[in-house]
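Step one of this worksheet: look at the structure below.
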């Protein structure tokens, strides 16, 4: 039984970075504030010629698409008072790939979340030992190390990180778009992705600190009670 507990604890430690990162990414994808922040900071209305209300419609349409069962996206807004189809065929194809990536994120979030909840339940109500709290500390610490590494890599050479992410994540070159003609790039320029990456990293690190802090507090409380 001891070896089972040890393996289960290490699985929790390894699951937590994935769980916390996918939770942060899922939050970012569905956060209206992040879209509005990027549109305002990078003056996307001027770049695209779209009014603020139409930009909000684009952001909402993308969020709806990523969470729907639709295979492809068709998003029409008003530009200069006329109906305008935002994304061309190449962009639609890339967004389909992006949606597949987000589905993977959601699946990892669900899988690691179910395991973490199951482990917490078994630890609290059956095993009743301190491995859970050590696991929270270990998983939180591992998460912080990974986020620090990603943050340093982004600070040193974000373009290299961004390029290799696309090369690894996508099996085609549909992500190579023209910022002068393709609205997907106009809407979400390089700076937006830099900010979004730090948003996700910071959110993940915050959750790791909270969970690690809970584990540390519970271990300390347990020691004090045995004194």
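Every number here is computed from the coordinates shown, using simple stated rules; none is lab data. Keep in mind the model is a prediction, meaning the values are calculated, not measured. Methodologically, a virtual Cβ is constructed for each residue, glycine included, from the backbone with ideal geometry; neighbour enumeration extends over all protein chains shown.
Got at least one residue in region 196-207 being in a helix (DSSP H, G or I), more than 14 Å from the chain's Cα centre (by Cα) and closer than 24 Å to residue 149 by Cα? No, region 196-207 contains no residue that is in a helix (DSSP H, G or I), more than 14 Å from the chain's Cα centre (by Cα) and closer than 24 Å to residue 149 by Cα. Screening 2, 41 for residues that are within 26 Å of residue 197 (Cβ to Cβ) and surrounded by fewer than 20 Cβ atoms within 10 Å (Cβ to Cβ) leaves exactly one candidate, 41.
Restricting attention to region 45-86, which residues are part of a helix (DSSP H, G or I) and over 22 Å from residue 25 (Cα atoms)? If you could, list the steps in order and put the result at the bottom.
Within region 45-86, the subset part of a helix (DSSP H, G or I) is 45-48, 52-66.
Residues satisfying the conditions are 45, 46, 47, 48, 52, 53, 54.
As a summary of the residue check, residue 148 satisfies the conditions (1) within 21 Å of residue 101 (Cβ to Cβ); (2) loosely packed, with under 15 Cβ neighbours inside 10 Å except for the one numbered (1). The single condition among (1) surrounded by fewer than 18 Cβ atoms within 10 Å (Cβ to Cβ); (2) more than 30 Å from residue 15 (Cβ to Cβ); (3) touching a residue at least 60 places away in the same chain (Cβ under 8 Å); (4) in contact with a helix residue (DSSP H, G or I) (Cβ under 9 Å, 6 or more places away or on another chain) that residue 93 does not satisfy is (4).
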